[in-house]
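Below is one structure, written out as structure tokens, with a few remarks after it.
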There are 4 protein chains.
Amino acid sequence: MKYKKILTGDKVVVEVNDLKIGGNNKPIFIAGPCSVESREQVIETAIQLKERGCDVLRGGAFKPRTSPYDFQGLGEEGLKYLKEASEITNLPIVTELMDETSLDMILEYADIIQIGSRNMYNYSLLKVVGGVNKPVLLKRGMSATIREWAYAAEYIAAYGNKNIILCERGIRSFDSYTRNTLDISAVPIMKQETGLPVIVDPSHGTGIKSLIKPMSRASIASGADGLMIEVHFKPENALSDGFQSLTPDEYLDVINSIKTLY
Amino acid sequence: MKYKKILTGDKVVVEVNDLKIGGNNKPIFIAGPCSVESREQVIETAIQLKERGCDVLRGGAFKPRTSPYDFQGLGEEGLKYLKEASEITNLPIVTELMDETSLDMILEYADIIQIGSRNMYNYSLLKVVGGVNKPVLLKRGMSATIREWAYAAEYIAAYGNKNIILCERGIRSFDSYTRNTLDISAVPIMKQETGLPVIVDPSHGTGIKSLIKPMSRASIASGADGLMIEVHFKPENALSDGFQSLTPDEYLDVINSIKTLY
Amino acid sequence: MKYKKILTGDKVVVEVNDLKIGGNNKPIFIAGPCSVESREQVIETAIQLKERGCDVLRGGAFKPRTSPYDFQGLGEEGLKYLKEASEITNLPIVTELMDETSLDMILEYADIIQIGSRNMYNYSLLKVVGGVNKPVLLKRGMSATIREWAYAAEYIAAYGNKNIILCERGIRSFDSYTRNTLDISAVPIMKQETGLPVIVDPSHGTGIKSLIKPMSRASIASGADGLMIEVHFKPENALSDGFQSLTPDEYLDVINSIKTLY
Amino acid sequence: MKYKKILTGDKVVVEVNDLKIGGNNKPIFIAGPCSVESREQVIETAIQLKERGCDVLRGGAFKPRTSPYDFQGLGEEGLKYLKEASEITNLPIVTELMDETSLDMILEYADIIQIGSRNMYNYSLLKVVGGVNKPVLLKRGMSATIREWAYAAEYIAAYGNKNIILCERGIRSFDSYTRNTLDISAVPIMKQETGLPVIVDPSHGTGIKSLIKPMSRASIASGADGLMIEVHFKPENALSDGFQSLTPDEYLDVINSIKTLY
């Protein structure tokens, strides 16, 4: 175990295939459905996203859900659909790892490994992804302080993996008007504290479709290195988070609205 | 007492002299010291702000302070300095009203009456400013919900005054890294809910000088109708909030950085 | 203005008629309706409370309400009903002061002047009650820190009035299961920090009738100097907060349940 | 996967050796050091606790720490010391499980398996302990809602294990006076919602030694089924949380102070 802090603020550029994230590179766009629900859904959504401008495809095959009785994801079947969509569109994939047991499976399909908000304090899992040679997308815990989030990234780095993308996804506050309170100040703060690229998820960060555009604009204007947006080719049919999912055309409108900001 | 909601989302444009705030008008810039400390301080700061581009001069003569033993403001003497600075620079003045007793005095000097964060729930005071014919700048309570803030504005409107400018100034959260958590999502939400102009105070909203530029950019990109920034000609000498006050040149840098965003 | 802290932890015993609050005295019970709604309601409730064991009658004549269109209280008419109930039962009265304008009227009727949660940061009002010779019941602001609350009391003391009773009434948190989160740790903390008596309001502190008994027990066991409980002779008819009001018999059950705890 | 809720409020009594927890049984006392640091420390503390009245010995061998560079626990060596202390004192052991990988090892030594606050949302781990035949002590997530916490318990029950003890350990709030805000209302709420025994950890819940006694009293008076208190035979030498650890004699004073409350 090293005792010298690794993430000291020096810029880290994360590479995924020929995509460069962070540093002085232009913002990247990650989009896709909350959870993989069917072969058609993920492939059709991926194709439409590719046409509209998208860098990485997201989609959950294993879903952390508050209730044990809610849809928990398609598992490996979902990963296969993601892979197929990736091969058709040439988009790399980010998907969530929930435990060490499924690590090998996730590594076989994913280009970027997501650690979700609920696992940000799961130090055993952070150590595990510190040992893999793929980039990690580390979401902020729903009530994690800046210090705790920076140290969660440091866990991954300390165990060997500096290819970390941070993702602000809203924090818990006293108001329930929005699903979470998107803390945009975390973008410049975490970039300075860690040097890592920081992206923003305005879909979970607000939970309200009409806020995704203004908050995407705010994120990019504050210096965010990318966005992660929930897109579903038919949001009204989504099994989870349909209320906050954009259609591909609504997504295009958001992407177009930020082009003058960077 | 009327029972039909007045602030329903129809756009309200607030006019101060020949300045128009809200609607499709370009963002306005309010700047000045946290508290008026001396004649030289406020006049010198005002002149330097005017030269760099500023629409309204701010400064507190009566200060709500956590401790009764902290500097409580210069009182009417401070208002006279503000007035003198206003006459020299032709900048209108916004200053805080803390109680009905000082209403007549404040009305004599101020162009815009500020209701501070600590008085957002002071319904007696809201009714009082509902009865005056000057615009009101209503700061969000430090843990006020969207609904409570919108109703606080509705109090003012219900008692006769629709010329209200809302100001997001950060909310209280679990993290003490920043002084407050600037809730930029409140900008598009409150514009839609009330129709009123919404500005942002990134100085109190973060309490960290280096965050004022990125958060000013984020605010304007999200649709804010203006900014309110603490500027002191000599921040190191400020009696309150010097740590978060910009110099006039730092202020200019912030203003320049947002010019491409609206 | 003095600069030496007055409330340093030395025990303060507040006296109201022959009632002694704080120090080593036994807990007191304040009860009554949220707002005064009719002559019958307040007199009938007071008589039933007196029969069941009650030290102070509470009731609001001027109500701070989130919406300007909600019932704002009966005003002086309500104060007269309170006074009549007090004369019949010999119970002293606590009622809320919302602004300096109504101070003389409140002083004419009230034995204890309440400063509500929404006015805890209203420093002008705190200075005003610092100048009166009746005890003040100072509720904690809904998101006031320990330090801010202690300084709010210090404002009152610094302006001349040390007869202050503090009242914990729940703080705002991320969970909406209860109306507020009752912070019982504030009882021993504020007693030690200020020396003032500290009582608890489990009615606003939880907003759930079935929690009033266990939280009353918890409060007294932690050292609280009293309780303030909403009681209505017909809760189902209450104009405000009926859902959290106890009947007189339910109140009696709570009082009986804590008798072994002090 | 079953779809019918299991924890519906019917009383669950958890048995550990001949100890009965929950239902109408008297409160239990869990005590011991935050982390196991040495053979002498854990054995000496256990003996002194046994003499003063203690039902279960606690101690962490694997510690979730915010920084990867902080002491992470002695691992299996620590478990062996716990076992030895248990054999000497006949006290059952509760210790934390952080990942499935160490499950077999923990099962070999522990009588009760603790899921820490940081892993309350770790649904993979909850499913794992749903499959074991030892009781689980499930701490509340540091900002978990009542609903989320109840569902976390439901995960364990849904996967086969109803022997769950809930532990309130304070929630995150806006005030940093205390380490956390102990939410005592969670005791009656969770007992009613789930039927499970609910205990309280006033050590983590306050982080202040002088508050442990009044908050222990408050917890028991509210109906808690037990307490979990950090005790160290030499707190000044503790490697973690020494500031909030009681000496065995201070622990005895707390235990004595609650004897009249149940």
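No lab work stands behind these numbers, since they all come straight from the coordinates. Please read these numbers as outputs of a predicted model, since none were measured by experiment. Note that we place each Cβ from the backbone using ideal geometry, even for glycine, and neighbour counts take in every protein chain shown.
Give me the net charge of B:Arg147's neighbourhood, meaning all other residues with Cβ under 9 Å from the Cβ of B:Arg147; Lys, Arg count +1, Asp, Glu -1. Net of charged neighbours comes to -3. Label-point spacing for B:Asp249 across the identical copies (point 7 Å from Cα in the Cβ direction), in nm and ascending order: 5.3, 6.4, 7.9.
Inter-copy label distances at A:Gly23, using a point 7 Å along Cα-to-Cβ, come to 4.9, 6.6, 7.4 nm with the shortest given first. Segment B:72-132 and segment A:218-262 have their alpha-carbon centroids 42 Å apart. For the pair D:Asn90 and A:Arg39, label points projected 7 Å from Cα toward Cβ lie 6.5 nm apart. Every Cα-Cα pair of segment C:14-261 was included, and the share exceeding 35 Å stands at 5 percent.
I want to verify a result. In a Gaussian network model of chain A, Cα cutoff 10 Å, which of these has the top mean-square fluctuation: A:Phe62, A:Phe174, A:Phe29? Between A:Phe62, A:Phe174, A:Phe29, it is A:Phe174 that shows the largest mean-square fluctuation.
At an R0 of 25 angstrom, the distance between the Cβ atoms of D:Arg147 and D:Val13 translates into a FRET efficiency of 0.55. Residue exposure proxy: A:Lys191, A:Lys83, ordered by other Cβ atoms within 10 angstrom of their Cβ from fewest to most, comes out as A:Lys83, A:Lys191.
3J(HN,Hα) couplings calculated from phi for segment B:246-260 with the Karplus curve 6.51 cos²θ - 1.76 cosθ + 1.60 (θ = phi - 60°) are, in sequence order, 8, 6, x, 6, 5, 4, 4, 4, 5, 4, 5, 6, 9, 4, 8 Hz; Gly and Pro show x. Relative to the current alpha-carbon distance between C:Asn133 and C:Tyr262, full extension at 0.36 nm per residue lengthens the span by 43.4 nm.
Spacing of the modelled spin labels on A:Ser176 and D:Gln192, each 7 Å from Cα toward Cβ, amounts to 1.6 nm. Note that segment A:1-115 shows a convex hull volume over its alpha carbon atoms of 144 Å³ per residue.
Here the 3J(HN,Hα) profile of segment C:139-150, calculated from phi with Karplus coefficients 6.51, -1.76 and 1.60 at θ = phi - 60°, is 7, 6, x, 5, 9, 7, 6, 3, 4, 5, 5, 4 Hz, Gly and Pro shown as x.
The rotation axis taking chain C to chain B passes closest to the C-beta of one chain C residue; that residue and the distance in whole Å read C:Ser143, 2. Across segment C:14-261, the mean sequence separation of Cα contacts (distance under 8 Å, 6 or more residues apart), normalised by length, yields a relative contact order of 19 percent. With one equal scatterer per alpha carbon and no solvent term, the Debye-computed log10 I(q)/I(0) for the protein assembly as shown at 0.07 1/Å reads -0.66.
Summing +1 for each Lys or Arg and -1 for each Asp or Glu, what net charge is found among the other residues whose Cβ lies under 11 Å from the Cβ of B:Gly60? Local net charge: -1. Over chain B, dividing the summed -39,500 (n - 2.57) contributions of all DSSP H runs of at least 4 residues by the number of residues returns a 222 nm mean residue ellipticity of -10500 deg cm²/dmol.
Applying the Karplus relation 6.51 cos²θ - 1.76 cosθ + 1.60 with θ = phi - 60° to segment B:78-88 yields 3J(HN,Hα) values of x, 4, 5, 5, 4, 4, 5, 4, 5, 5, 5 Hz, where x marks Gly and Pro.
Compute the signed sum of charges (Lys and Arg +1, Asp and Glu -1) over the other residues within less than 9 Å, Cβ to Cβ, of D:Ala224. Here the count lands on -1. Note on segment D:162-262: Rg/Rh from Cα positions, Kirkwood definition for Rh, rounded to two decimals, is 0.98. Roughly how many whole Å is it from the C-alpha centroid of segment B:5-45 to that of segment A:6-40? Cα centres, segment B:5-45 to segment A:6-40: 40 Å.
In terms of Cα atoms, the Rg and Dmax of segment B:95-217 work out to 14.3, 41 Å.
Mean partner shielding of peptide B:98-106, defined as the number of other chain Cβ atoms within 10 Å of each residue Cβ, is 3. Taking 25 Å as the straight-line reach from the Cα of A:Lys11, the lysines in range (excluding those fewer than 8 positions away in the same chain) are A:Lys2, A:Lys20, A:Lys26, A:Lys127, A:Lys134, A:Lys139, A:Lys162, A:Lys191, A:Lys259, B:Lys209, B:Lys213.
Residues whose amide H comes within less than 5 Å of that of A:Gln114, counting only those at least five positions distant or on another chain, are A:Thr95, A:Glu96, A:Leu97, A:Leu137 (H built at 1.01 Å from N in the peptide plane).
Each other copy holds its own label point for D:Thr8; taking that point as 7 Å from Cα along Cα to Cβ, the gaps run 4.8, 6.1, 6.2 nm, nearest first.
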